[in-house]
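Inspection log for the structure reproduced underneath, given as structure tokens.
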Amino acid sequence: MQRTLRNLAVALVAGTFAVAAGAQDKAEKASKKTAAAPASSAAGKVVVNGVTIPQSRIDAMNRELSAQGQPDTEERKLAVKEELVNREVLAQAAARRGLDKNPDIAAQMDMAKQAVLVRALFEEEVKKNPITEAQLEQQYEVFKGSMGANEYKVRHILVDKEDDAKAIIAELNKGGDFAKLAKEKSKDPGSKDNGGDLDWGPSARYVKPFADAVTGMQKGQTTPVPVKTDFGYHVIRLDDVRPLQVPPFAELKEQFRQRAQQQQIQKLVAELRSKAKIEDR
């Protein structure tokens, strides 16, 4: 869920927590430091030039690493503190140089803060209004019904002009090779080099005029007239048909959950915008 919500946020805070890489090595080096080093222990407060690193910051980084699957060990905790000491030292140096007063940098800091708040709002919204198993099953059944009973192996040749499509059909009727003509004449870059092959897929994959043509054809048949869509004029051949095997609910459940959460957040954004007073000045 967290990964999905991060994708929904306007932007994430720059510099995500990536301390875990090499944590063991850092910990071993840290243990060899003298007592003067403030972060030489995984326990107790850490103070850098009189500034205490908040425990909440340490806890946040450890939670992030745990969410990434990193084991919670004493070595990792020590490495986290070492990393936060480095950040604090560098942040203090930047402040001494007045970089935090630079308008561009200040704007980036504001955006980072805003991104954290947006992500927190999204997480709270999903937590307060969880998607139920019944809702996911209902979405799955609607999806399953929309896929139809069969899937089709289709080729096509796409051109701009109807007359060109008619000429291709006439050539095919005289024994022309479909794959060769697709390579020569089709403007679809995704399929022309494969002889127009669109591989297997349900009719729901295609725009309606194309899908209607495919479902009305017999195996081995080519459309007798061009099929017009927003993309141009298609000459379609149906190579094969087989029963559609829709993946089971358990396999697709998390994808439906992610989609439902995205819809939930989009609804929240729309509601908040509808109530907001927005002015261009």
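The values are calculated or read from the model by the stated rules, or taken from the named source; none is laboratory data. This one's a predicted model, so the numbers in the text were calculated from it and none came from an experiment. Here the Cβ is made from the backbone with ideal geometry for all residues, glycine too, and neighbour counts use every protein chain on show. The area values use the complete protein model at the heavy-atom level, side chains included, leaving out ligands, DNA and RNA. Shrake-Rupley method; radii C 1.70, N 1.55, O 1.52, S 1.80 Å.
Below, the figures for the structure above:
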item: Relative contact order for region 190-244, counting Cα pairs under 8 Å that sit 6 or more residues apart, in percent; result: 27 percent
item: Carbon and sulfur %, accessible surface of region 137-263 computed with the full protein complex present, 1.4 Å; result: 47 percent
item: 5 angstrom amide H check on Y206, placed H, neighbours 5+ away; result: none
item: Centroid-to-centroid separation of region 135-207 and region 229-278 [C-alpha atoms, Å]; result: 20 Å
item: Region 195-268, accessible area per residue, ligands and nucleic acids excluded (1.4 Å, Å²); result: 56 Å²
item: Calculated over region 126-281: convex hull of Cα atoms, volume per residue (Å³); result: 172 Å³
item: Extension gain (nm, one decimal) between V116 and D199, 0.36 nm per residue minus Cα-Cα; result: 25.6 nm
item: Links that overshoot a 18 Å alpha carbon limit, given the list K45/K77; K161/K219; K153/K192; K166/K219; K174/K208; K153/K228; result: K161/K219; K166/K219; K174/K208; K153/K228
item: Region 215-266 shape via C-alpha gyration tensor axes, a/c threshold 1.5; result: oblate
item: Contour excess over end-to-end distance, with Cα ends at N150 and D280 and 0.36 nm allotted per residue; result: 41.6 nm
item: Distance between modelled label sites at N173 and E125, nm, 7 Å Cα→Cβ extension; result: 5.6 nm
item: Cα gyration tensor shape of region 70-183, rounded if a/c is under 1.5, else prolate or oblate by comparing a/b with b/c; result: prolate
item: Rounded accessible area per residue of region 84-129, 1.4 Å, Å²; result: 74 Å²
